[in-house]
Amino acid sequence: MRDAGETFVAAVCFCFGVLAWLQMPAVCGFMLSSTLRGADNYVYSIWLGVLIATIGLAAGLPSLLRRSGRWLLLGGLGLSAGFIISGALGYQWYDEACHAIYEEFPLPPAE
């Protein structure tokens, strides 16, 4: 029964790691749906991703400490840690991507 619990924890950890990365384009697109000014709010997406990734790390670290290092668990921990590191050190690319999306797909002028 413990094996099934560890598999569930690994799946939850992996899902949170994937969600941390997938929320970025979705939130960026949502923020850009009204104005270019929304593109300057990309930091909120990074904070949301860090929160999600932190939950993923908190879910998976106890299993890792019990030496239950399944590939799914290690993948989830890697995704979560990678997002936090990327959000802290390399967020400039995301700022540029948010603005590029808006410039490529501008909204029609309001009448």
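The values are calculated or read from the model by the stated rules, or taken from the named source; none is laboratory data. These numbers come from a predicted model, not from an experiment. When we count neighbours, we look across all protein chains shown, and the Cβ atoms used for this are built from the backbone with ideal geometry, even at glycine.
Here are a few things to note about the model shown:
Residues are listed down the side, and each one gets a yes or a no for (1) at pLDDT 75 or above; (2) within 17 Å of residue 14 (Cα to Cα); (3) surrounded by 11 or more Cβ atoms within 10 Å (Cβ to Cβ); (4) within 11 Å of the chain's Cα centre (by Cα):
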residue	(1), (2), (3), (4)
46	yes, no, yes, yes
50	yes, yes, yes, yes
54	yes, yes, yes, yes
77	yes, yes, yes, no
81	yes, yes, yes, yes
90	yes, no, no, no
98	no, no, yes, no
107	no, no, yes, no
110	no, no, no, no
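- When segment 56-72 is filtered for residues that are crowded, with 17+ Cβ neighbours inside 10 Å and either at pLDDT 90 or above or part of a helix (DSSP H, G or I) (or both), the ones remaining, listed by number, are 56, 57, 59, 60, 63, 64, 72.
- Screening residue 16 with (1) at pLDDT 90 or above; (2) loosely packed, with under 14 Cβ neighbours inside 10 Å; (3) among the aromatic types (Phe, Trp, Tyr) gives one miss only, at (2).
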